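Step one of this worksheet: look at the structure below.
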């Protein structure tokens with residue numbers, strides 16, 4: 001079974017701080033997705049990265065796919081309370097559309 | 001685009017009754033739909049994969065007769081929790097994929113099931 005480890009598991013920071021969340025595996029993936037989930041709601045797709053070394057930006061969020069396509073990072077600049085939520089990375093298993101989800105990073109941004 | 005709805009958003013039922021949850025892709029045709037279960041403060045656990053017009057594929061440890069899945073059209077999948085018990089109480093989330101090389105899934109808002 002492929003394992004997708006996210007770190008840190010929990011993060012509580014003050015508004016305005018920067019943070020980075022990591023998603024790591026020993027397997028190579030053709031693409032990787034990042035989602036944010038708020039309490040009582042379904043996950044919302046933030047980005048899909050495909051190419052090794054790729055960097056994508058979504059306002060204050062910067063996503064990077066590792067050169068070897070085994071890992072990814074999500075960096076948030078000047079975090080705001082609205083960034084609070086569960087951040088999940090996900091990859092598709094080989095030959096199927098099934099996802100494996102990462103273990104999740106629960107972020108809380110304090111005003 | 002890529003909107004997925006779920007109904008109901010919240011349901012409370014008595015032990016022994018059955019509950020049906022609907023998942024609809026509103027603005028695209030979903031070749032594949034997925035059903036997940038999520039326990040408090042945990043990541044999503046895949047229960048089953050359903051393709052329109054064929055039987056669902058269940059993950060190991062998920063009871064087929066307990067969680068009935070029907071994917072009647074390219075925009076609708078249903079999950080029926082049969083003879084529900086308190087341990088079935090959970091947050092159930094569906095997702096839909098329209099296919100494509102990026103393998104993206106779009107999630108519904110989830111259904112909170114409470115079995116008394």
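Read-outs: derived from the displayed coordinates by stated rules, not from any lab. Remember, it's a predicted structure, so these values are computed and weren't measured experimentally. All Cβ positions, glycine included, derive from the backbone under ideal geometry; neighbour counts span all protein chains shown.
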Practice item. Looking at chain A, send over the antiparallel percent of its DSSP beta bridges, to the nearest 5. Key: 85 percent
Revision key, fill the gap. Hydrodynamic radius by Kirkwood for the protein assembly as shown, inverse mean 1/r across distinct Cα pairs, in Å, is 18.1 Å
Practice item. Please give the average number of partner chain Cβ atoms lying within 10 Å of the Cβ of each residue in A:100-106, rounded to a whole number. Key: 3
Check your understanding: Roughly how crowded by other chains is peptide B:104-112, in terms of the mean Cβ count from those chains within 10 Å of each of its Cβ atoms?
Key -> 5
Review point. What share of Cα pairs, in percent, lie more than 23 angstrom apart in chain A?
Key: 22 percent
Point to revise | Ordering of B:94-105, B:50-61 by packing [mean C-beta count within 10 Å, highest first] | key: B:94-105, B:50-61
Check your understanding: Based on the alpha carbon coordinates of chain B, what radius of gyration and maximum Cα-Cα distance (Dmax) apply, in Å?
Key -> 13.4, 43
Review point. For the stretch B:60-116, rounded, prolate or oblate, judged on the Cα gyration tensor with a ≥ b ≥ c (square roots of eigenvalues), a/c < 1.5 rounded, else prolate if a/b > b/c?
Key: prolate
Revision key, fill the gap. Packing-ranked peptide list from A:28-39, A:48-59, highest mean Cβ count within 10 angstrom first, is A:28-39, A:48-59
Exercise for review: Output the relative contact order of chain A, whole-number percent, from Cα pairs under 8 angstrom with separation of 6+ residues.
Suggested key: 36 percent
Check your understanding: Spin-label point model (7 Å from Cα, Cβ direction): what's the residue A:108 to residue A:17 distance in nm?
Key -> 1.2 nm
Point to revise | Shielding score for A:36-42, defined as the mean number of other chain Cβ atoms within 10 Å | key: 5
